[in-house]
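What follows is a single structure, and I will ask about it in a moment.
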Amino acid sequence: MTSTSLFLGRLAALPQGSFAQLANLLDAIPPGAEPISLAVGDPRGTVPGFIREAIAAHGHRFGEYPPVNATPEWRQAAAGWLKRRFGAELDPEVQVLPLNGTREGLFLAPFILTPEEKAGGRPVILLPNPFYQCYAAAIYAAGAEPVYVPSTAANGFLPDFASLPVSILMRCVAAYICSPSNPEGAVASEAYWQTLFALADAYDFTVFADECYADIYRETPPLGALSVRRAPYERLLSFHSLSKRSGLPGLRSGIVAGGVELMQRFRAFRNYAGPQVPLPLIAASTAAWNDEVHVVANRALYAERFAAAERILGHLPGFFMPAGGFFLWLKVANGEATTVKLWREAGVKVLPGAMMGHAMIPGESRTNPGFSYIRVALVNDLSTINSALDRMAHILTKAMSEEAP
Ligand SMILES: Cc1ncc(COP(=O)(O)O)c(C=O)c1O
């Protein structure tokens, strides 16, 4: 990613956002057919009736300032879902808080954990590479040093934090981990979580577990950080969202859950800085966390889309079925060149993997772990996805035969 001069001081290092980079790449090129975008990962489902009804029934509560910790009903629903889904034993009064979507919580989290220095140096926060852009923005804004840890096919698309030098781990205050991961759809195993928590205990850092795709999976429900860590959940903040689980990104509603002391600090800080979630939206969120029927239906839609992807693109050598999430992470020769080709020849917009990644050696684009990938979001309706994938298959198959020795 390239840096931008929009910001000053510590924010000057902020990389340009993925979609701004994508616009720079494609805006001057006319699409080769009626455009279809598979670039943005916005779930586009219908809003369940019971969600609309809950908002309408509580509309009068827009007249009140909402409490930072929502309502007793929401706290019960959130802790109840975390118990059903992950077996988590959380005290609803102090260990769960609502968020305006997980992004807001993921952004605030580093601020409560970044001291002036740790182990005699600048505090470090680890993040996977490629990564959800908010992590880097949060790390820079909080004044920590980001350490990008590659997620490659060789390590199952999950960062190998344990391989880092001790000198880095000693300065580490937190690590972001995304499971199922965006963009690769990799799911952390029990052993992976155990290793990460052992490292967090050994070097005294906190795990920020971004699990907003936890309910979008192919076969087995992914284990969560809260399934493995167990009470009292020290050194853990786990983030969940209705954006993906319920297909409600416009509701802006998520959960952060974790150890008591961390959650006290998070709540106190959020009281200054975080916008509370409006009470009618809290009522809708309560209903959504309490219901699984719409989630099962939502997952079935993704299953159809992935089945279509496997049927249409499964013959490509770079194709694999991700365990979770709603993206294909497709290996090609050069992700940016392929993105331009798909747009110019077929009108299909995807995201080059490099635009979610960071070059491990500055200026050397091939050291960006996303270099050889494109990210394809399967969030449109099935017929749109079928048309886009058919067009892509034609071009990618041709490119494959041209590249073959
Ligand atoms: C990995 C990841 N984390 C967090 C988010 C933010 O989700 P929310 O809508 O809950 O803020 C997204 C959204 O695309 C995401 O992909």
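Would you mind stating whether ILE216 is under 14 Å from the mean Cα position of the chain (by Cα), within 29 Å of ALA12 (Cα to Cα) and among the β-branched types (Val, Ile, Thr)? Walk me through how you get there before you give the answer.
Working: under 14 Å from the mean Cα position of the chain (by Cα): yes; within 29 Å of ALA12 (Cα to Cα): no; among the β-branched types (Val, Ile, Thr): yes.
So ILE216 does not fit the description; no.
Related question: Assess whether ALA388 counts as being outside any loop (DSSP other than H, G, I, E, B), out of contact with any helix residue (DSSP H, G or I) (no Cβ under 7 Å at 6 or more places or on another chain) and under 30 Å from GLY224 (Cα atoms). Can you show your working first?
On the way: outside any loop (DSSP other than H, G, I, E, B): yes; out of contact with any helix residue (DSSP H, G or I) (no Cβ under 7 Å at 6 or more places or on another chain): yes; under 30 Å from GLY224 (Cα atoms): no.
Criteria not met by ALA388.
OK, next. Working only within the stretch 309-330, note down all residues that are farther than 25 Å from GLU104 by Cα and in a loop (DSSP other than H, G, I, E, B). I'd like the intermediate steps shown before the answer.
If we filter the stretch 309-330 for residues that are farther than 25 Å from GLU104 by Cα, which is where we start, we get 309-323, 328-330.
Within the stretch 309-330, GLY314, HIS315, LEU316, PRO317, GLY318, PHE319, PHE320, MET321, PRO322, ALA323 meet the criteria.
Moving to a separate point now. Restricting attention to the stretch 148-156, does a residue exist that is within 21 Å of the chain's Cα centre (by Cα), of a type in the set (A, V, I, L, M) and within 16 Å of the ligand (Cβ to nearest atom)?
yes
Sticking with this structure for a sec: Between a residue in the stretch 94-107 that is touching a residue at least 24 places away in the same chain (Cβ under 8 Å) and farther than 13 Å from ALA138 by Cα and any residue that is of a type in the set (D, E, K, R) and more than 8 Å from the ligand (Cβ to nearest atom), which pairs come within a Cβ distance under 6 Å, given they are 6 or more apart or on different chains?
VAL96/ARG75; LEU97/ARG267
How many residues does the stretch 62-102 hold that are within 12 Å of LEU226 (Cβ to Cβ) and among the β-branched types (Val, Ile, Thr)?
1
Checking the condition at positive phi and surrounded by fewer than 21 Cβ atoms within 10 Å (Cβ to Cβ), which residue from ASP204, ASP160 passes? Even if it seems obvious, please write down each step before you answer.
Working: ASP160 fails: at positive phi.
ASP204 is the lone residue from the list that is at positive phi and surrounded by fewer than 21 Cβ atoms within 10 Å (Cβ to Cβ).
Looking only at residues in the stretch 13-29 that are of a type in the set (A, V, I, L, M, F, W, C) and modelled with pLDDT under 90, which one is farthest from the chain's Cα centre (by Cα)?
So the residue we want is ALA13.
Taking PRO123 as the residue in question, decide whether it is of a type outside the set (Ser, Thr, Tyr), surrounded by 20 or more Cβ atoms within 10 Å (Cβ to Cβ), modelled with pLDDT of 95 or more and within 16 Å of the ligand (Cβ to nearest atom). Don't jump to the end; show me each part of the working.
Details: of a type outside the set (Ser, Thr, Tyr): yes; surrounded by 20 or more Cβ atoms within 10 Å (Cβ to Cβ): yes; modelled with pLDDT of 95 or more: yes; within 16 Å of the ligand (Cβ to nearest atom): no.
No: the conditions fail for PRO123.
Provide a single number: the residues in the stretch 312-346 that are out of contact with any Phe, Trp or Tyr (no Cβ under 9 Å at 6 or more places or on another chain), surrounded by fewer than 18 Cβ atoms within 10 Å (Cβ to Cβ) and either closer than 17 Å to ASN380 by Cα or among the charged types (D, E, K, R) (or both).
Here the count works out to 2.
Take PRO221 and tell me if it is surrounded by 24 or more Cβ atoms within 10 Å (Cβ to Cβ), under 24 Å from LEU328 (Cβ atoms) and not assigned by TED's automatic domain parsing to the domain that holds ALA377.
On the way: surrounded by 24 or more Cβ atoms within 10 Å (Cβ to Cβ): no; under 24 Å from LEU328 (Cβ atoms): yes; not assigned by TED's automatic domain parsing to the domain that holds ALA377: yes.
For PRO221, the condition - surrounded by 24 or more Cβ atoms within 10 Å (Cβ to Cβ), under 24 Å from LEU328 (Cβ atoms) and not assigned by TED's automatic domain parsing to the domain that holds ALA377 - is not met.
For the stretch 165-173, indicate whether the set of residues that are within 13 Å of the ligand (Cβ to nearest atom) and touching a strand residue (DSSP E or B) at 6+ places or on another chain (Cβ under 6 Å) is non-empty. Spell out the reasoning first.
Within the stretch 165-173, the subset within 13 Å of the ligand (Cβ to nearest atom) is none.
The answer is no; no qualifying residue exists.
Go over the candidates ALA191, ALA144 one by one and state the one that is away from the ligand (no atom under 16 Å from the Cβ) and either of a type in the set (Lys, Arg) or out of contact with any strand residue (DSSP E or B) (no Cβ under 9 Å at 6 or more places or on another chain) (or both). Step through it out loud before you land on a result.
Details: ALA144 fails: either of a type in the set (Lys, Arg) or out of contact with any strand residue (DSSP E or B) (no Cβ under 9 Å at 6 or more places or on another chain) (or both).
Result of the check over ALA191, ALA144: ALA191.
Output the residue which, of all residues in the stretch 33-70 that are within 16 Å of the ligand (Cβ to nearest atom), of a type in the set (A, V, I, L, M, F, W, C) and part of a loop (DSSP other than H, G, I, E, B), is modelled with the lowest pLDDT.
Applying the first criterion (within 16 Å of the ligand (Cβ to nearest atom)) to the stretch 33-70 yields 37-45, 47, 51, 70.
Still in the running and of a type in the set (A, V, I, L, M, F, W, C): 38-40, 47, 51, 70.
When the remaining residues are screened for being part of a loop (DSSP other than H, G, I, E, B), the result is 38-40, 47, 70.
Working: LEU38: 97, ALA39: 96, VAL40: 89, VAL47: 94, ALA70: 97.
Looking at the filtered set, the residue picked out is VAL40.
Can you tell me which residues in the stretch 136-157 are in a loop (DSSP other than H, G, I, E, B), buried (at least 24 other Cβ atoms within 10 Å of the Cβ) and touching a helix residue (DSSP H, G or I) at 6+ places or on another chain (Cβ under 8 Å)?
ALA144
Go through the residues of the stretch 287-308 one by one and say whether even a single one is more than 20 Å from the chain's Cα centre (by Cα), under 25 Å from SER189 (Cα atoms) and assigned to a loop (DSSP other than H, G, I, E, B).
So far as the stretch 287-308 goes, yes, one or more of its residues are more than 20 Å from the chain's Cα centre (by Cα), under 25 Å from SER189 (Cα atoms) and assigned to a loop (DSSP other than H, G, I, E, B).
Just give me the residues in the stretch 348-368 being more than 18 Å from LEU22 (Cβ to Cβ) and not polar (S, T, N, Q), in sequence order. Before the answer, list the steps.
Initial filter on the stretch 348-368 (more than 18 Å from LEU22 (Cβ to Cβ)): 360-364, 366-367.
Passing the criteria: MET360, ILE361, PRO362, GLY363, GLU364, ARG366.
Only one of (1) outside any loop (DSSP other than H, G, I, E, B); (2) under 26 Å from LEU351 (Cβ atoms) is not met by ARG85, so which one is it?
Every condition holds for ARG85 apart from (2).
Quick grid of which residues meet (1) assigned to a helix (DSSP H, G or I); (2) within 16 Å of the ligand (Cβ to nearest atom); (3) of a type in the set (Lys, Arg):
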{"position": "GLY185", "(1), (2), (3)": "no, yes, no"}
{"position": "ALA198", "(1), (2), (3)": "yes, no, no"}
{"position": "PRO222", "(1), (2), (3)": "no, yes, no"}
{"position": "SER227", "(1), (2), (3)": "yes, no, no"}
{"position": "ALA231", "(1), (2), (3)": "no, no, no"}
{"position": "ILE255", "(1), (2), (3)": "no, yes, no"}
{"position": "PRO280", "(1), (2), (3)": "yes, no, no"}
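The values are calculated or read from the model by the stated rules, or taken from the named source; none is laboratory data. Only a predicted model underlies this, so the values are computations on that prediction, with no experimental measurement involved. Neighbour counts run over all protein chains shown; Cβ positions are idealised from the backbone, glycine included.
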